[in-house]
1. Under 7 Å by Cβ, and 6 or more places apart or on different chains, what pairs join a residue from segment 74-102 that is of a type in the set (Lys, Arg) with one that is surrounded by fewer than 18 Cβ atoms within 10 Å (Cβ to Cβ)?
2. Output the residues belonging to segment 100-154 that are closer than 24 Å to Val85 by Cβ and of a type in the set (D, E, K, R).
3. Tell me, which residue of segment 73-89 that is within 16 Å of the ligand (Cβ to nearest atom) and over 15 Å from Thr116 (Cα atoms) is surrounded by the fewest Cβ atoms within 10 Å (Cβ to Cβ)?
4. Across segment 155-199, which residue is surrounded by the most Cβ atoms within 10 Å (Cβ to Cβ) among those that are modelled with pLDDT under 95 and away from the ligand (no atom under 16 Å from the Cβ)?
5. Looking at segment 103-136, which of its residues are touching a helix residue (DSSP H, G or I) at 6+ places or on another chain (Cβ under 7 Å), surrounded by fewer than 14 Cβ atoms within 10 Å (Cβ to Cβ) and part of a loop (DSSP other than H, G, I, E, B)?
6. Residue check: is Asp95 in a helix (DSSP H, G or I), within 16 Å of the ligand (Cβ to nearest atom) and under 24 Å from Leu2 (Cα atoms)?
7. Just the residues that are within 15 Å of the ligand (Cβ to nearest atom) and not in a loop (DSSP other than H, G, I, E, B), please, taken from segment 25-38.
8. Looking at (1) out of contact with any Pro (no Cβ under 9 Å at 6 or more places or on another chain); (2) outside any loop (DSSP other than H, G, I, E, B); (3) more than 16 Å from the ligand (Cβ to nearest atom), find the lone condition where Met204 falls short.
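The values are calculated or read from the model by the stated rules, or taken from the named source; none is laboratory data. Since this is a predicted model, take the numbers as computed values, not measurements. Using ideal geometry, Cβ is built from the backbone for each residue, glycine included, and neighbour counts are taken over all protein chains shown.
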Amino acid sequence: MLNQIGDSIHYLPNQNDKERPTLGLVCGDQYSLVIDSGNSVQHARDFLHEIEKLKVPPVKYLAITHAHWDHVLGMNEFEAAAIIVNARTNEIIQDWRSLSFDDHSLQEYADAKKMTSQCVETIISEIPERDTFQLTSPDIIFEGSLRLDLGNKVCVLETIRSTHTDDSTIVYIPDEKVLFLGDSAYGTTENSLYHFKQSLLLPMIEDIRKYDATHFLLGHESICDAAEMDLYWKELISASKAVTSASLEGAIAAFEADHDRKPNENELFFLKAFVNDQILKSQSE
Ligand SMILES: [Zn+2]
């Protein structure tokens, strides 16, 4: 079953054991917009099955928040929809389009760390007829931002600066004060190190905070309210401030000096992630 926000927004909650991200549905008087396509053919079909039960206007658009496999591999199931992506997401999807999904190729991608084992497992179990499977091509490619009107229901898509990827699109529905963030507010794993790109943290928060929202949907999280998001930003910012080198001890000491207490579990996680960012930065110099 889908969860509902206000009159016009529904979503299929994330399912972490299957690496299924949150999928969104926004309904206007004439058309509906889907946000993210799911991590597989099966995930997309499960979502479409739920949408059918609602008797909502036809899905005219599919917006992809970024080109990670778990958000795009269900794309082909939305045949009747125009697929909307930013220019960078399109580039990455074009790379995906040259991939093959037979056993031999999947093994090669896994060995080359081009695909995670979870990605390969999901493809094997949830993409039928994968020997001939090829990802479809997006239909509408935008730069910066794009405004859609679904019939008395405006949606704003914007490519933002993000600590997760360089192709993050968010979707804002002003009527309902709802913001779909995709994975933009997360960190990312590089060379087996989970890190938040420190230089992009404040620019990202600026880009997200300019939207007046009360409900925030993230890719792999339960829905958040404004207070929860504020706390998330606050913990990230204070952790980032304490990290000025690749030393975790130094970062923890700086944090304790600033706050007169030990970092909590989240803050410690963020401190490590910013330290990892410093390590990755020094490796690339
Ligand atoms: Zn992602």
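1. Arg88/Asp166; Arg97/Gln134; Arg97/Ser137
2. Lys114, Glu126, Arg130, Asp139, Glu143, Arg147, Asp149, Lys153
3. So, considering only residues that are within 16 Å of the ligand (Cβ to nearest atom) and over 15 Å from Thr116 (Cα atoms), the one surrounded by the fewest Cβ atoms within 10 Å (Cβ to Cβ) is Arg88.
4. Asn191
5. Of everything in segment 103-136, those that are touching a helix residue (DSSP H, G or I) at 6+ places or on another chain (Cβ under 7 Å), surrounded by fewer than 14 Cβ atoms within 10 Å (Cβ to Cβ) and part of a loop (DSSP other than H, G, I, E, B) turn out to be Pro128, Gln134.
6. no
7. Result: Ile35, single match.
8. Here Met204 meets the rest and fails (3).
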